[in-house]
Structure formats: C-alpha cells, structure tokens
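*Asks:* For reference, the structure I am asking about is given below.
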Amino acid sequence: MKLICRQVSGYKSWEIQCQSGSWWTECPFPLLINEKDWSKYLLSLVPPDFNRRTQFDWDTKIHEHWGIDFFPDALPKNPINRLNAIKPIAKEAKDSRMRYSFQKGGGWDGRNTGQLKSFAAWQIEDFSWMPCKKSLLDNRITVPPDKAYMPGKGIGGLLPEINVKIPDGQEGRDLATFLTQILNVREGLPSAGEMIWKEWIEKLPGAAERTTDHGVAIRATRMLYRNFFELHDEEPEWFDEISNIPCLKWDKGEKNEQLDFGSSSDIYWLDESYLAEPNTRMELLRRFNIFILEQEQGKKAADWYEIKPLSKIVHVMPRFYSEDQATTNIVQKRYDERYNSLKVASGLANLPRPENLKILAVDNLRLRIIREEQTISAPRVRSWKEDGLTLLDRERKWEALGLALVQRQTRKGLSNLFENLLRARDGNEVLQRLRDLGVPESAIEDLEIDFQEAVTANTKEPRDQKKTEEETPAEDVESSEDKSATEVTESTQESSISDSAVSEHEERQTRETTPSGTVSQSRRKKGENAEHWIRSSISDLLSVSDWAVSSQSERDHLNRESDIVLSHPNFGKYHIEVKHVEAGEIFWSEREVSKAEDHRDKYWMVVVRPGYAGNDKNIIWFWNPLEDFKDLPRHGRWFWRTETDDPEIEITGWNVPSPRKKQDATHFNFVIKVSNEFLANYRPDTSRGLLWLKEKLDQIK
C-alpha cells in the first residue's frame, strides 16, 4: 500500500464534466482503487461558483491527482498494525490536492488554476477505516478518524471511541499525537451551541429502542445529558423543540428500571439525597417516572424542562426509637471544644456557634416517605433538621454531625473533613490532622489553647455506645475474589449440640479457624461486615412491613445460633444464615445443620460474595440449603478446644502425670465445595439480590 501521484500537463489532462449536479471524471488509478469509493469521492466535491455557473462548464481539466492504492483492503486488521501502516503516508496524503485549470471566459484569454481535496486526502479523512468500539449512536466498527474519540474522551457507550490501546511511555505519547494532530481524532466533546448536540439528543430515543443492552443505554444517556447541561449555561434556541425527555421507568415484568422517553408532565425530578436511598428510590420508581439526572445534576434540566421535584410530591416524617441524651452531651461538648478547629480547617465563616447548635442524638433515625397517606419507605438517615433541631443517628454521630454542618454547601469532601476532626481521639490528634492538611503553624498555635483544659481523651461514652464507629462493620465493597490457599476457610461454627457449655467466645474462635489452626481476623471481620450489611439492608427493605428484623444474632434453647431472625405476627419466625464466601467453600456447623433440619421451610441461607454491596448477582439465596447442597462434594472437620477449664493438678517434681488426659472433639463442621460455576448458574432469575427475599416473603400465606 503506497501513495501514488498522477500528473499530466496541457490538453492531455483529464476532463471533468457535470452529470446530474455532481462531478464526473475518469479515474486516474484504474485497477488500483475501488470504483465505488471513487464515485463517493466525486459526490463529496463541491466546486466554487464561477460567473454564475460552476467551473467545470468552462473547459476544466485536472492536471494532478493523488491516491492510495489497494486502500483499505491492504490495511492490517490489528488496530496498532493498521495505524503503523498508515503513519508513513498519512500527512503527505492529507496535504495532497487535486489541481486543475479552467478557461477564464468572458472574452479573456488564458486559464486560471484551482485545487480541491485529493482522492488520497478523502481516503484518509473521510473513509471509514479507523477501528472503533460500537456505540449507541453508531454501531459501525470502523469510522472516519474525525468521527472517532480518543479513549475516555467521548461519551462512553454513546459515541464511537477508537478501539486502540495506547501504549505507555514515549511510544504512547507519539501515537496519541499522530492520532489527534494528523488524523484529527477527537480529544473532547463539541463546544456549547454546536448543532451536533441537538442531533445526538434527537437520535437518542430511536437508538435506545434498538439496543438490547439497557444498562449501556442508561449510562450513555445519563452521560450525554450531564455533559450537555454542564457545557450549556444558557438554554439553546432549539431546546424547546425536544419533546422526548429521557427518564427511568419501572418494568413490572423484568422488575428493574428501564430507559424510557416522555413529556415533562409525566416525569419527576428526584431532587433530595434522602429520596435516593436505594429502597426509597425503588419504591418511588414503582410509582413515578424519574428524570435521568438526579439530585444536583438534574437541577438545571428540571428548570429548563419544568419538571416537578419529587420532594414536593411526597411527605417526609422523621421517626426514631428513643432519645439518647448522654450521646447528645458528648457531641455537644466535642463540637464546643473543636469549633475553632473546624472553622480554620474549612474556611467557613457561617458555622453555627456552639451555643446556637441545637442537636439531639437518637436511636435508629428513619424518614417515613409518605404518598397519599401511605408510607412507601422508611430509610435510615444520618441526620435530619426540622424546626431548628438537628436529629443525629447516634451510631454514626460524627458522620451525622459532619453532614448536618455542611447541609446546602457545594464544596466536596467537607463533611468528611468535619467527621475526621470530630472523630479524632484528642486535641493532639486534631492538631496533627490540621498540620497534615497544611494549616499554618501560627494558626495551630492559636488553636492549642482550645485543648489545654479539654479532657476529650478521657470522655467516656455511654455503656451501650462502647462500640465506636471505628469498630462498626462497614459494607464489603471488594470487587475481586481472593483465591489464596492460605485463606480458604470460611466460618467454622459450633460444638456438638449436647455441649451447651461451649462459650460463645470459644465458638467464635473456631468459626474462623484456618487449616493451620490460627484464627483469620480478616476473614472473621469480612463475615461480620457481611452479616451487618445484610441485616441493615433487610431492615431497610422491610421497614414498612409487618416483619420485624432481629437487631443481632439469636440462640435457641439448644444454643443454636441464627444470624438473622425475621418475625411476623401471623407467620412466625424465619431464620437466615449469612455466609461470606471467597474461595469456594461453605463451612456449615453441625448446629446450623441441625437447625436447618428442624426448620426446613423456615431456614434460609444467603451467600454473599466479594463486591456484594454494588452487585445483586453476588447475593445468592438458598431457600432450602439441605436440598440445594445435597449433591455437592463435601468433607468434614473436627475441632477441639484450645484450652481446658479443668481444675489445677497437684504435682511434685518434674514428672508429667500419667495417664495423659484425652479430650473429645467438641466442634464438627461440614465443608461444602461450591464452584464459581455453581454459584454463577444457580437459579440466576429467582435467587439474586435482596429483592428476591421480599418476593419470597410476599409468597408466604
């Protein structure tokens, strides 16, 4: 494949004529190029007017032309190899021109000259040869270079991005320069006011209807509208012509959200963060079509489209279990001591003075979301301000206060800053954190006086608050599986049923014992985090139902534990066992198996895999684990107590008493092998995510 130049002088040049309003001339490169491409090139040429007629009416002749032979057939399929083949000739081909001459006319002797884009330049610039990823608005796998975007520079899934992996180092920088400077691959989105925005927005409904990947359609639509409203400060003149507004609509059959388009009168803006809580948002979706951009991102769009905010449609009422005056006093005192530090660190002049801060710590703070006198959701919230009083959820008191202090502030990260300073153990730690933030030493010296008489380090929490936020399990957000052979163990549970003397502490120790006999603190923590997250999520899911969710694990008269117990006034109790599984084994203790046998229809197991917090597919329900696991390979494992509670033995000298005492094993676990394939394929349509628990409960009669 090479660049070819054809030059002819005088009257031997190629004649060019008008046929049906377009150019026609003999191809200077017979057998070397595709005839269809030559015809497309001629159609693309628009000559300038001359003496009220076009130039080819005045004896126009072509003297010089350029083309690339065997293009694009000779291009390699591999994207990098394709670019390397084009690179040596690209700039010269782009700069080449079709040169011609024409009779002056009007009685004047001689000829004038002119030039237009050559066939070679058209091949490089206008032919669809650049490898790209399929997109919502363009499903081609090759496009002209100036219609493609550099990786991550377009709108993901909506516009074509080049399907080229840019290497690291100087080689990658050189390639990026070639792509953007020579081939004109786009590095950014069009400016505000360009009509291409209107074209994209108008094409979007049809493109979204054709695609089968609804997730990509939602993400691409959201990115398009977010970028559009970020770039446009003023409403374009054509904006009122857009009648199809994107929204999310609940699909009752698929039981998930789908992209739809409608008029502004049928769409609502989810404008407040408390409405975005997952269960609340789902319940709202069941009742309303929600605009594609939510909360602050959708504010400008809601104004331009005149979309009604949901906070004006639903009624909100805070509810909590009890007031906690002891925690209120702790928070109030700490804010008083650290007020100046918060002010210096944030630069905010409008922080409420300590004497003006009206707060109340409460237990289990929730917001009842009410629509037409019906409670549709009751999500937990960290804080809520009403009638001048700020309610704080006591379990997350520092986070709650941080959020309350920055309400209506737009600066990102401010609530985290406040939380970190409030959570610090004492004044010295506060000052060190201020130094880490770059606060000048002179300002820190002025703040030291705030802590000279403070006793925050010795401030005691209420008895039931000993477990601080630092110790509170957080949701697991891992995205990959840990397959290390040294961490193959999951929870190994209790002793024999008859041995009720086994302590709860000892039982927990054996739950997380590795094959070597050591306790995996990381594994235990992950299991606790998973159980806490599942319990909290179920509590939110069932917050407006007749089901009660146990606040902690419960044991029966045989000392058999249930991680979570659901209680209903008519249907009784249902037991849920939570298993956090990473490496393909489920540890099921004999007590748990015994409980499953006694409560076959009311004993369920939920297996949570890494990344469960953001992916329903990693939450798998087994409604009858005894049957579900019966055909899986398994083995057993005995465990012994690590210490004895026998009385001391009287001895003299250094002889070990004989005979040696033997001790029966106290713990037995079933170790069930579960492959990734089994977990991935197990009833994927009826066992994934928390919503299927609600479906299951709704079926109970």
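*Asks:* Test of understanding: among Asp138, Asp146, which residue is over 29 Å from the mean Cα position of the chain (by Cα) and surrounded by fewer than 21 Cβ atoms within 10 Å (Cβ to Cβ)? Can you show your working first?
*Replies:* Numbers: Asp138 fails: over 29 Å from the mean Cα position of the chain (by Cα).
Going through Asp138, Asp146 in turn, the sole match is Asp146.
*Asks:* Just the residues that are of a type outside the set (Asp, Glu), farther than 20 Å from Glu528 by Cα and free of Cβ contacts under 8 Å to residues at least 24 places away in the same chain, please, taken from the stretch 593-639.
*Replies:* Lys630
*Asks:* Let me ask something additional. Go over the candidates Glu202, Glu209 one by one and state the one that is in contact (Cβ under 8 Å) with a residue 24 or more places away in the chain, open to solvent by 70 Å² or more (accessible area, probe 1.4 Å) and in a helix (DSSP H, G or I).
*Replies:* Values: Glu209 fails: in contact (Cβ under 8 Å) with a residue 24 or more places away in the chain.
Result: Glu202 is the single residue among Glu202, Glu209 that is in contact (Cβ under 8 Å) with a residue 24 or more places away in the chain, open to solvent by 70 Å² or more (accessible area, probe 1.4 Å) and in a helix (DSSP H, G or I).
*Asks:* Of the residues Lys385, Lys412, which single one is open to solvent by 80 Å² or more (accessible area, probe 1.4 Å), under 26 Å from Phe320 (Cβ atoms) and of a type in the set (Lys, Arg)? Can you show your working first?
*Replies:* Numbers: Lys412 fails: under 26 Å from Phe320 (Cβ atoms).
Checking each option against the conditions leaves just Lys385.
*Asks:* Right, another one. Could you look through the stretch 524-554, keep only residues that are without any contact (Cβ under 8 Å) to a residue 40 or more places away in the chain and farther than 21 Å from Ser377 by Cα, and pick out the one that is surrounded by the most Cβ atoms within 10 Å (Cβ to Cβ)?
*Replies:* Once the filter is applied, the top-ranked residue is Arg524.
*Asks:* Continuing with this model, one more query. Please work out which one of (1) farther than 25 Å from Lys153 by Cβ; (2) open to solvent by 40 Å² or more (accessible area, probe 1.4 Å) is the condition Glu125 fails and give its number.
*Replies:* So Glu125 meets the others, but not (1).
*Asks:* Let me ask something else. Just give me the residues in the stretch 349-382 being under 21 Å from His315 (Cβ atoms), among the polar types (S, T, N, Q) and open to solvent by 70 Å² or more (accessible area, probe 1.4 Å), in sequence order.
*Replies:* Passing the criteria: only Gln374.
*Asks:* Go through the stretch 169-216 and report how many residues are under 30 Å from Asn84 (Cα atoms) and under 27 Å from the mean Cα position of the chain (by Cα).
*Replies:* So the answer is 5.
*Asks:* Could I ask something else about it? Considering Ile376, Ile370, which residue is in contact with a His (Cβ under 6 Å, 6 or more places away or on another chain), touching a residue at least 40 places away in the same chain (Cβ under 8 Å) and part of a strand (DSSP E or B)? Walk me through how you get there before you give the answer.
*Replies:* Details: Ile376 fails: in contact with a His (Cβ under 6 Å, 6 or more places away or on another chain).
It is Ile370.
*Asks:* Restricting the search to the stretch 288-347, which residues are touching a residue at least 60 places away in the same chain (Cβ under 8 Å) and not in a helix (DSSP H, G or I)?
*Replies:* Ile292, Leu293, Ile307, Val314, Pro318, Phe320, Asp324, listed by residue number.
*Asks:* Looking at the stretch 599-614, is at least one residue out of contact with any helix residue (DSSP H, G or I) (no Cβ under 9 Å at 6 or more places or on another chain) and under 23 Å from Lys525 (Cβ atoms)?
*Replies:* Of the residues in the stretch 599-614, the ones out of contact with any helix residue (DSSP H, G or I) (no Cβ under 9 Å at 6 or more places or on another chain) are 599, 601-602, 614.
From the residues that got through so far, the ones that are under 23 Å from Lys525 (Cβ atoms) too are 614.
Within the stretch 599-614, one or more residues are out of contact with any helix residue (DSSP H, G or I) (no Cβ under 9 Å at 6 or more places or on another chain) and under 23 Å from Lys525 (Cβ atoms).
*Asks:* Are any residues in the stretch 303-336 acidic (Asp, Glu) and either closer than 19 Å to Leu248 by Cα or surrounded by 17 or more Cβ atoms within 10 Å (Cβ to Cβ) (or both), and if so, which ones?
*Replies:* Initial filter on the stretch 303-336 (acidic (Asp, Glu)): 303, 306, 323-324, 336.
Scanning the stretch 303-336 gives Asp303, Glu306, Asp324.
*Asks:* Being closer than 22 Å to Gly298 by Cβ, open to solvent by 40 Å² or more (accessible area, probe 1.4 Å), outside any strand (DSSP E or B) and not hydroxyl-bearing (Ser, Thr, Tyr) is true for just one of Glu257, Glu171, Glu230, Glu194. Which residue is that? Give the derivation first.
*Replies:* On the way: Glu257 fails: outside any strand (DSSP E or B); Glu171 fails: closer than 22 Å to Gly298 by Cβ; Glu194 fails: closer than 22 Å to Gly298 by Cβ.
Going through Glu257, Glu171, Glu230, Glu194 in turn, just one is closer than 22 Å to Gly298 by Cβ, open to solvent by 40 Å² or more (accessible area, probe 1.4 Å), outside any strand (DSSP E or B) and not hydroxyl-bearing (Ser, Thr, Tyr): Glu230.
*Asks:* Looking only at strands (runs of 3 or more DSSP E) that lie completely in the stretch 555-658, which have at least 2 residues being buried (at least 16 other Cβ atoms within 10 Å of the Cβ), out of contact with any Pro (no Cβ under 7 Å at 6 or more places or on another chain) and β-branched (Val, Ile, Thr)?
*Replies:* Values: elements: 564-568, 572-580, 585-589, 603-608, 619-622, 634-639.
Counting at least 2 such residues, we get 564-568, 572-580, 603-608, 619-622.
*Asks:* Check the stretch 282-302 and report whether any residue there is surrounded by 17 or more Cβ atoms within 10 Å (Cβ to Cβ), modelled with pLDDT under 90 and under 24 Å from the mean Cα position of the chain (by Cα).
*Replies:* Yes.
*Asks:* Restricting to the stretch 108-159, give me the number of residues that are part of a strand (DSSP E or B), within 27 Å of Gly67 (Cβ to Cβ) and modelled with pLDDT under 90.
*Replies:* Within the stretch 108-159, residues that are part of a strand (DSSP E or B), within 27 Å of Gly67 (Cβ to Cβ) and modelled with pLDDT under 90 number 6.
*Asks:* If I ask for residues that are open to solvent by less than 10 Å² (accessible area, probe 1.4 Å) and more than 23 Å from Leu403 (Cα to Cα), which ones from the stretch 421-444 would you list?
*Replies:* Ile444
*Asks:* Follow-up question, since we're still on this one. Residues in the stretch 6-56 that are of a type in the set (A, V, I, L, M, F, W, C), over 20 Å from Gln123 (Cα atoms) and either modelled with pLDDT under 70 or open to solvent by 80 Å² or more (accessible area, probe 1.4 Å) (or both): how many?
*Replies:* The total comes to 3.
*Asks:* How do the pairs read when you match residues in the stretch 562-574 that are on the phi < 0 side of the Ramachandran plot with residues anywhere that are assigned to a strand (DSSP E or B) and at pLDDT below 90, using Cβ under 7 Å and keeping only pairs 6 or more apart or on different chains?
*Replies:* From the stretch 562-574, the pairs are Ile564/Val549; Leu566/Val549; Ser567/Ala548.
The values are calculated or read from the model by the stated rules, or taken from the named source; none is laboratory data. Small disclaimer: the values here were computed from a predicted structure and weren't measured. Quick reminder, even Gly has a Cβ in these numbers, built from the backbone with ideal geometry, and neighbours come from all protein chains shown. Only protein heavy atoms, including side chains, enter the accessible area calculation; ligands, DNA and RNA are left aside. Shrake-Rupley method; radii C 1.70, N 1.55, O 1.52, S 1.80 Å.
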